[in-house]
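Accompanying notes for the structure given below.
The values are calculated or read from the model by the stated rules, or taken from the named source; none is laboratory data. Model, not experiment: these values are computed from the prediction. Here Cβ is always computed from backbone atoms with ideal geometry, including for glycine, and neighbour counts include all displayed protein chains.
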Amino acid sequence: MSAGEVARLAVEELRLPSPVVRLSPSVDAVQVVRVPTWLWVEGGVWRPVSETAEVPGVSVTATARPVRVVWSLGDGGEVVCGGPGTPWDGSFPADAASPDCGYTYVRSSVGEPGGTFTVSAAVVWDVTWEGDGQSGRVPGLVTVDEVAVTVDEIQALVR
């Protein structure tokens, strides 16, 4: 077998962690029109993953590294983040926008099927391999998670 063929075996053995969508307000809470929503994926997904395949005379190691998260927000909006995003915590003001990965809805999900938008996070992986004096790149590996999110509009009455 050639190094390229063994590389395919190593790539097939990669066990890439699936992202877990996190939002603030939380996935279980209602998102609010014109209020920033923080987006992030669990930090455990943001690490390199390697696998080695061997056949007599040839050993190849494939390494996948997460490079970006492509968020589809369900209302036609898309956000591309160069990292996992920052988890919201109580040290940030409640109305603050995420410093690196966020979105603000401009309409509610009331008229959508089930009254929700489907939000997905697709982690795009850069996969390289090395072995037997050769190297290469494997494009197109993606892991995805999706959740249903309710977005509501709040009307204020000023007196």
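One table, with the values for the structure above:
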{"read-out": "Criterion (more than 30 Å from Ala3 (Cβ to Cβ) and either loosely packed, with under 11 Cβ neighbours inside 10 Å or touching a Ser or Thr at 6+ places or on another chain (Cβ under 9 Å) (or both)) met by exactly one of Gly133, Gly114, Gly83", "value": "Gly114"}
{"read-out": "Test for Gly140: is it outside any strand (DSSP E or B) and over 18 Å from Val35 (Cβ atoms)", "value": "no"}
{"read-out": "Among (1) among the aliphatic types (A, V, I, L, M); (2) closer than 25 Å to Ala156 by Cα; (3) at pLDDT below 95 - the single one Val45 does not satisfy", "value": "(2)"}
{"read-out": "Where Arg8 falls short, out of the listed (1) outside any loop (DSSP other than H, G, I, E, B); (2) modelled with pLDDT of 95 or more; (3) over 20 Å from Pro99 (Cα atoms)", "value": "(2)"}
{"read-out": "Test result for Val119, out of contact with any helix residue (DSSP H, G or I) (no Cβ under 7 Å at 6 or more places or on another chain), modelled with pLDDT of 95 or more, exposed (fewer than 14 other Cβ atoms within 10 Å of the Cβ) and not in a loop (DSSP other than H, G, I, E, B)", "value": "no"}
{"read-out": "Test for Ala29: is it free of Cβ contacts under 8 Å to residues at least 24 places away in the same chain and either under 12 Å from the mean Cα position of the chain (by Cα) or on the phi < 0 side of the Ramachandran plot (or both)", "value": "yes"}
